[in-house]
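The values are calculated or read from the model by the stated rules, or taken from the named source; none is laboratory data. Because the structure is predicted, anything quoted here is derived from the model rather than measured. Every residue, glycine among them, receives a Cβ derived from its backbone with ideal geometry; neighbour counts consider all protein chains shown.
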Amino acid sequence: MKILAIDSSGLVASVAFVNDGTMVAEYTTNFKKTHSQTLLPMIDTIVQMTGIDLKELDAIAVAAGPGSFTGLRIGSSTAKGLGLALKKPIISVPTVEGLAYNLCGISTVICPIMDARRNQVYTGLYEFKEKEFQILADQKAVSIDEIIEEVNLLGREVTFLGDGVPVFKEQIKEKLKVPYSFAPAHMAMQRAGAVAALAAVYWEKGKIETAAEHKPVYLRLSQAERELQEKKKKEREHGNS
């Protein structure tokens, strides 16, 4: 099975090509360039280096959200455009699940945390039980204090990863009451290879969609939408006073 995977949901831009469970190529950058500048050239580089024919792909996998609103739109529109042009299905992989899959096979609970600003994180809780990926708490947007409390109540050793770790590391160290660790650098951020690997599992379970059906998952309103909502609320309050 041939899968092209894309992840531009956060700070990292990543593209991977997996063929029958073999990682043929993976291109990941974590640099100060917008994903609109990097994603298509990265795909083109992988195509040129490996000689793959995109028409032979079985599916296109994408980290579908949550994450950066701009990054999600770029990744999803790229996957959607390729899917429509090539007439290939899309495998939408929830971003936090894809991030957790970096730690495939680990014995601890996995807690990805992506910085969602305003002292919030995109997060969830996962584990590998008898080699199978299990969801203990589905992905969500909550305060860092809420997920720390949830982990404490779970009472099990946990491994954290994601771009929220450097932001909230001191709070985790101060407030966590269970054994914990932080993923090493090569596993700590989004990787399209993990998205592709999990996508293959979802393919077997029939979790696919057409390119026309695909849309990103935001979990919460964008900053512009929040500001508009707050403005309308103030206008209503002013009108009622």
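Thr28 meets each of the listed conditions (1) in contact with a strand residue (DSSP E or B) (Cβ under 6 Å, 6 or more places away or on another chain); (2) crowded, with 23+ Cβ neighbours inside 10 Å apart from (2).
Scan segment 21-30 and tell me whether some residue there is of a type in the set (Asp, Glu) and over 26 Å from Ala185 (Cβ atoms). No, that holds for no residue.
Being in a helix (DSSP H, G or I), farther than 30 Å from Phe31 by Cβ and polar (S, T, N, Q) is the filter here; which residues of segment 127-184 pass it?
The initial filter retains those residues of segment 127-184 that are in a helix (DSSP H, G or I), namely 144-154, 165-175.
Filter once more, keeping what is farther than 30 Å from Phe31 by Cβ: 145-146, 148-154, 174-175.
Scanning segment 127-184 gives a single hit, Asn152.
Yes or no: Leu219 modelled with pLDDT of 95 or more, within 22 Å of the chain's Cα centre (by Cα) and not polar (S, T, N, Q)? Considered against the rule, which asks whether it is modelled with pLDDT of 95 or more, within 22 Å of the chain's Cα centre (by Cα) and not polar (S, T, N, Q), Leu219 comes out as no.
Condition first: among the acidic types (Asp, Glu) and not in a helix (DSSP H, G or I). Now tell me which residues in segment 32-48 satisfy that. Selection gives nothing. Cβ separations smaller than 9 Å between residues 6+ apart or across chains give the following pairs from segment 52-74 residues that are in a helix (DSSP H, G or I) to residues that are of a type in the set (D, E, K, R) and buried (at least 24 other Cβ atoms within 10 Å of the Cβ): Gly71/Asp7. Of all residues in segment 179-186, one or more are in contact (Cβ under 8 Å) with a residue 40 or more places away in the chain and either among the small types (Gly, Ala, Ser) or not assigned by TED's automatic domain parsing to the domain that holds Arg117 (or both). Filtering segment 10-31 to residues that are over 19 Å from the mean Cα position of the chain (by Cα) and assigned to a loop (DSSP other than H, G, I, E, B) leaves Asp20, Gly21. Report yes if Thr95 is touching a residue at least 60 places away in the same chain (Cβ under 8 Å), crowded, with 24+ Cβ neighbours inside 10 Å and polar (S, T, N, Q), otherwise no. In short, yes. Taking each residue of segment 140-161 that is closer than 24 Å to Ser107 by Cβ and looking for partners that are assigned to a helix (DSSP H, G or I) and not small (Gly, Ala, Ser) with beta-carbon atoms closer than 6 Å, six or more apart or interchain, yields Ile148/Lys175; Val158/Val151.
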